[in-house]
1. Among the residues of the range 44-66, write down those that are within 17 Å of GLU150 (Cβ to Cβ) and among the acidic types (Asp, Glu).
2. Report yes if LEU541 is farther than 21 Å from PRO221 by Cα, part of a loop (DSSP other than H, G, I, E, B) and at pLDDT 90 or above, otherwise no.
3. Would you say SER539 is free of Cβ contacts under 8 Å to residues at least 24 places away in the same chain and crowded, with 16+ Cβ neighbours inside 10 Å?
4. Surrounded by 21 or more Cβ atoms within 10 Å (Cβ to Cβ), in contact with a Leu (Cβ under 8 Å, 6 or more places away or on another chain) and at pLDDT 95 or above: is that true of ILE235 in this structure?
5. Testing GLY514 on (1) in contact (Cβ under 8 Å) with a residue 24 or more places away in the chain; (2) within 26 Å of the chain's Cα centre (by Cα); (3) over 27 Å from ARG344 (Cβ atoms), one condition comes back false. Which one is that?
6. Could you please tell me which pairs satisfy a Cβ distance under 8 Å, a separation of 6+ or placement on different chains, a first residue in the range 578-596 that is surrounded by 14 or more Cβ atoms within 10 Å (Cβ to Cβ), and a second residue that is of a type in the set (Phe, Trp, Tyr) and assigned to a helix (DSSP H, G or I)?
7. State all residues of the range 91-130 that are among the aliphatic types (A, V, I, L, M) and surrounded by fewer than 17 Cβ atoms within 10 Å (Cβ to Cβ); if no residue qualifies, say none.
8. Please go through the range 411-453 and give me each residue that is among the charged types (D, E, K, R), assigned to a loop (DSSP other than H, G, I, E, B) and either touching a Phe, Trp or Tyr at 6+ places or on another chain (Cβ under 6 Å) or closer than 26 Å to ARG329 by Cα (or both), ordered by number.
Amino acid sequence: MKKYFIIDFDSTFTKVEALDLLAEISLAERDDKWAIIEEIKNITDKGMAGQVSMRESLVERLLLVNAHKKHLNTLIDRLKDLVSESIKRNKTFLENYANDVLIVSSGFKEFITPVVTEYGIKPENIYANEFVFDINDRIIGFDTHNPLSENNGKVKLLKNMNLQGEVYVIGDGYTDYEIRQAGLANSFYAFTENVEREIVMEKADHVAPSLDEFLYVHKLPMAISYPKSRINVLILENIQVSAQQIFKEEGYNIEIVNSALDENELAEKIKNVSVLCIRSKTTVTKKVLENASKLICIGTFTIGTNQIDLQACAEKGIAVFNAPYSNTRSVVELAVGEMIMLMRNIPDKNTGMHIGKWDKSATNSNEIRNKNLGIIGYGNIGSQLSVLAEALGMKVYYYDTSEKLAIGNAVKCRSLKELYGIADIISVHIDGRKSNKNFIGEDDFEQMKDGVIFMNLARGEVVNIEALAKYIKSGKIRGAAVDVFPSEPKNNHESFESPLKGLHNVILTPHVGGSTEEAQYNIANFVPAKIIEYINTGSSLLSVNFPNIQLPLLEDAHRLMHIHENVSGVLAQINSIFAKHHINIAGQYLKTNESIGYVITDINKEYDKEVIKDLKSIANTIKFRVLY
C-alpha cells in the first residue's frame, strides 16, 4: 500500500517559525522590535497550541510583521541555514521518496518552496498559503480562498486531496494533530527536535525527537545507524550543566540524578542506559555491570578512575573515558594555597579570631621560599605543582614508581625514605588503584621530618587516616590539608565524619580540589566530546581501558566495530568472513591491550546482511556495533 509522509515546515522542517524570523528582518530598524517580536511569538504559540484560530493568528501576525517582498530573500537565505539537523542528515531519504513526501504548512509558499526543493521536495507536493502584496510590494495579507488560511485548514485540504494509502503526519503543532483527529492519517508524530509543546505531545500517537526516530520506527532508510534519541544517558552527581546541554544538543535522551547512587540503586537504574556519566562518589562494580546490557561507555568527570571496575568494563566491551587534564590547574592552585596557609599557621589563627582571640605572633609562621617540597606521584598534577612551587622559590623533590622526566630543577628521589628525610612539605598525588590503598601509613609518618606539613589532594584511600590523625596529635606533623577521604558523603545533605575533625592547623575540604567553575566547565566539555566521538566514529583515543585508536571520519561506507577477547586468530576470522561474502575493505584498524582486541573495518555500503550475523558468531566476540 502506498505511504504518504506529510511534514510541517515551521519548527519541523526548519528550526524556527518563519514569520517570527521575518519579523526580526522587517523590524530591524525599529526601537520596539523585540516587544513586537515577542507579541508575534505569543500569537504563534497560541496558534500552535490551538488556543486561537489559524486565520486570526495569520491576520494578527502579518499586521505586526509589516514586511516587504524585498525582505523575503533575506528570510529564505536564513531559513536555508536553519533547516533541522535530522532533516539535513536524511536528505537522501527525502530525495528517494520525493513522490511520497508532502509539505503541508500554514506558512507561505514564497519562502517554503525555495528551501524545501533543495531537499528533493517536488513543487507540486508543497501545500501552503500565499502572500498578497500591494502595488508597492508590501505584504498586506494572504489568499483567503486557500483552505490552509482557515480554521481546520489542513483537515479541509486533506479531505479534498483524498489520499489513497497510509498517511503519516510529522509536525510540532496542534493543526498537525487535527489531521489525525479527523481520521485522515494513520499516525501523528509530534516532532520535538526544535520545540516541545506539551498539549501537542499529549495528543500525539508518538513523540519523534528527530526524523531519525520516525524512519527507524518505520524501517525506512536513514542516514545514521540508530536514532540518537534512543541513546539513554544517565548523568549523576550534579555534573556541570554544560555537559547536559552537549548531550541534549546531540539528540540523546538524558536523565539527571544530582546525587550519587549506591550499588543496588545503580544496578537497577542502569538497565536501559547506554551512556553513564559519574564523578567520584559513584562506584561501578561487577554487580552493576551485570545489569548493564545496553551500556556502551562510561564517562567519569574526574581524573581518577578507581571508582570503576575497568577490567570488568573491558570484558563487557564498555569503553571508559575520564578527564585527565581538565582540572589539573585547579588542584595545583589549591595545593599551593594550602601549603602557604599551613606554613603560616593560618587555620588556627583564623579559628582564634572567630572566637575573639588576638594572637599576633611570628612563632611557627614561615615562608615557603627555600623550603623543600616532596611530591609523591609525578603525573599531570604532581609535575605542574613542581613548576609552580619552583617558581615560588621552593626546592622540589619527587618520587614516582614510574620513570618520569624531571621538569625544571626538580630532583627525583630513589625511595620514599629519601624523600621523607628531605621534605619540609609533602604533597600526595597518586591514583587510587587497589595496590595504593594505605600507601602511606604509620611507618611512613614515622620516617618524615619532625614538623612536616602533609597534604593529600589525591585519593582518600591512599592514606591511613587514623595514622595521620595520630601523628598530627603528637605534633610530629605540624599541619595538614586533606581534600579526599576513605569514606565520603554521597551528597551535600549527609554529614561528614572523620578522625581529623577539630585538629589544630588542619585544613579539611569536601573533595573540591577540581571544583572550580573553570575546571568543571573544561571537564563538562571534554568528557562528552570523547563519548560522542566514540559513539559517532568508534574512536577510542584517550579511553583508559580500551586499545586507543584515532579514526578518520566515516565517509560513504559502513563501519563495523568488533570488540573481542585478546586471543590469536580473530582478525583472520574477520577477514575470511569478508572474503566469503565478497566484501571490499575500504579501511581497517586493529589495536589490542592485555585483555581485549578492537578491530574497526570500513566497507562498501552494499553488502549481504548475513555478514553481520557471521561476525557476531565469531568465538570470543564481546560486542559488535555498526555505524553508517
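The values are calculated or read from the model by the stated rules, or taken from the named source; none is laboratory data. All values reported here derive from a predicted model rather than from experimental measurement. Reconstructed Cβ throughout: ideal geometry from the backbone, glycine too, with neighbour counts over all protein chains shown.
1. Across the range 44-66, the qualifying residues are GLU56, GLU60.
2. Here the answer is yes, as LEU541 does meet what is asked.
3. yes
4. In short, no.
5. Among (1) in contact (Cβ under 8 Å) with a residue 24 or more places away in the chain; (2) within 26 Å of the chain's Cα centre (by Cα); (3) over 27 Å from ARG344 (Cβ atoms), the lone unmet condition for GLY514 is (3).
6. ILE585/PHE578
7. First pass over the range 91-130, keeping only residues among the aliphatic types (A, V, I, L, M): 94, 98, 101-104, 112, 115-116, 121, 126, 128.
Scanning the range 91-130 gives a single hit, ALA98.
8. Those that are among the charged types (D, E, K, R), assigned to a loop (DSSP other than H, G, I, E, B) and either touching a Phe, Trp or Tyr at 6+ places or on another chain (Cβ under 6 Å) or closer than 26 Å to ARG329 by Cα (or both): ASP424, ASP431, ARG433, LYS437.
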